[in-house]
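One structure is given here, and the rest of the page talks about it.
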Amino acid sequence: MSTEELPRVIYMMGAGASKQALPMVKGIPNALKNHVKLLQNHTPKRTIAGDYVIEGNDQSHINTIIHDYQQLIQSLADKSANHESIDTYAKKLFLKSRPSSFESNEMRDLKLGLSLFFAFLQAQHRKADERYDGLLASLLRYDKDKGLQLPNDVLFLNWNYDQQLALAFKEYISDGWIQGGIEQLGICPLELLTKRHRFPPRVIHLNGLFCRIKEPDDIIPLVEPTG
């Protein structure tokens, strides 16, 4: 971010910013338990995540994948219930890994499980928390070369992992994809702040973002809600 792009207005977004669409911290243990029940009662024949189709040579392979995911979510539900919050558990895993630079299996499971869990919830709701709609309508500006953009003097610092801003923004763009919103809004996790070039960062996720990252400028949602 160059000195000409330094923001004059900074929006701080915390857990309550998405509470009409996604559970807040206190509600995560119960939401995880409900997700386990859903997995127990539903066996999909075909599951699509991003560009990848999870399908084996037969139904048994699919069942194995769903079973492993169910076990992962059940473990996270138990861990979150046994700690003050899922964030506390994450911080504990982080502190236990110091001074080693290697990420533990438990931390990888936490990141993977929560990312897929939140991606599922966001896809299930399809629409963002309605307050994002009004916020974007008041801020977005049209650039003849780049299309709809956040003003250069506006910056969002987001404590959440979700893609609610991009989900709301997709209603404003012709292709209607979350990935398009991520690009045009300049959304990125903190660790990519100095690496993005094509889309100047305007929304910085301080605690990470559930997504796949192929390149610093290629941030891909795990699930694209339809409808």
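The values are calculated or read from the model by the stated rules, or taken from the named source; none is laboratory data. Just so we're clear, the structure is a prediction, and the values are computed from it rather than from any experiment. Cβ coordinates were reconstructed from backbone atoms using ideal geometry, including for glycine residues, and neighbour counts include every protein chain displayed. SASA here: full protein model, heavy atoms, side chains in, ligands and nucleic acids out. Shrake-Rupley method; radii C 1.70, N 1.55, O 1.52, S 1.80 Å.
Overview of values
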{"quantity": "Meets criteria (assigned to a strand (DSSP E or B), closer than 30 Å to Ala90 by Cα and open to solvent by 20 Å² or more (accessible area, probe 1.4 Å)) for Leu222", "calculated": "no"}
{"quantity": "Only listed residue being at pLDDT below 90, of a type outside the set (Phe, Trp, Tyr), in contact with a strand residue (DSSP E or B) (Cβ under 8 Å, 6 or more places away or on another chain) and part of a loop (DSSP other than H, G, I, E, B), chosen from Arg98, Arg196", "calculated": "Arg196"}
{"quantity": "The range 104-154: number of residues that are over 17 Å from Trp177 (Cα atoms) and aromatic (Phe, Trp, Tyr)", "calculated": "3"}
{"quantity": "Any hit, the range 140-151, residues being buried (at least 22 other Cβ atoms within 10 Å of the Cβ) and touching a Pro at 6+ places or on another chain (Cβ under 7 Å)", "calculated": "no"}
{"quantity": "Cross-chain or 6+ apart pairs with Cβ under 7 Å, the range 112-123 first and without any contact (Cβ under 8 Å) to a residue 40 or more places away in the chain and open to solvent by 20 Å² or more (accessible area, probe 1.4 Å), then part of a helix (DSSP H, G or I) and not basic (Lys, Arg)", "calculated": "none"}
{"quantity": "Residues of the range 178-201 satisfying the condition of being open to solvent by less than 10 Å² (accessible area, probe 1.4 Å) and in contact (Cβ under 8 Å) with a residue 60 or more places away in the chain", "calculated": "Pro201"}
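Residues checked against (1) out of contact with any helix residue (DSSP H, G or I) (no Cβ under 6 Å at 6 or more places or on another chain); (2) closer than 23 Å to Gly14 by Cα; (3) polar (S, T, N, Q):
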residue: Ala137; (1), (2), (3): yes, yes, no
residue: Leu140; (1), (2), (3): yes, yes, no
residue: Lys144; (1), (2), (3): yes, no, no
residue: Phe156; (1), (2), (3): yes, yes, no
residue: Gln164; (1), (2), (3): no, yes, yes
residue: Ile173; (1), (2), (3): no, no, no
residue: Cys188; (1), (2), (3): yes, yes, no
residue: Glu191; (1), (2), (3): yes, yes, no
residue: Pro201; (1), (2), (3): yes, yes, no
